[in-house]
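Contents: one structure, followed by commentary.
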């Protein structure tokens, strides 16, 4: 499996897994190949409706300048057969 295939599998899996949560702005954040386990580690980011917040001192309901936070998921995919091995939460610091 090449990197583009791995990314496509990861994006499709995340979109399907979280489809009932109204996710938006689904996108690739990072790619890593784990030689030890022969697996891809693909980080996919997205936003959810409840991730919206307003700047300090304003109401989230009345502010025109709303911003969205993002959730990040690491999708591990077996290189030899494309099987999803895990989906974990990732926190960027």
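For the reader, a short list of remarks on this structure follows.
- When every residue of the range 72-87 is checked against the conditions, none turns out to be farther than 23 Å from residue 1 by Cα, surrounded by fewer than 13 Cβ atoms within 10 Å (Cβ to Cβ) and modelled with pLDDT of 60 or more.
- Subset of the range 4-20 [in a helix (DSSP H, G or I) and surrounded by 12 or more Cβ atoms within 10 Å (Cβ to Cβ)]: 5, 6, 7, 8, 9, 10, 11, 12, 13, 14, 15, 17
- Test: residue 26 is surrounded by fewer than 11 Cβ atoms within 10 Å (Cβ to Cβ) and either modelled with pLDDT under 90 or assigned to a strand (DSSP E or B) (or both): no
- Residue list for the range 38-51, restricted to those being outside any strand (DSSP E or B) and touching a residue at least 40 places away in the same chain (Cβ under 8 Å): 38
- Pairing each residue of the range 69-93 that is closer than 15 Å to residue 34 by Cα with any residue that is modelled with pLDDT of 95 or more and in a loop (DSSP other than H, G, I, E, B), provided the two are 6+ apart or on different chains, yields C-beta distances under 6 Å for 79/38.
- Taken over the range 72-93, the residue count meeting the criterion of being out of contact with any helix residue (DSSP H, G or I) (no Cβ under 7 Å at 6 or more places or on another chain), outside any loop (DSSP other than H, G, I, E, B) and within 11 Å of residue 43 (Cβ to Cβ) is 5.
The values are calculated or read from the model by the stated rules, or taken from the named source; none is laboratory data. Treat the numbers as computed from the prediction; the structure is a model and nothing was measured. Note: ideal-geometry Cβ built from the backbone for every residue, glycine included; neighbour counts use all protein chains shown.
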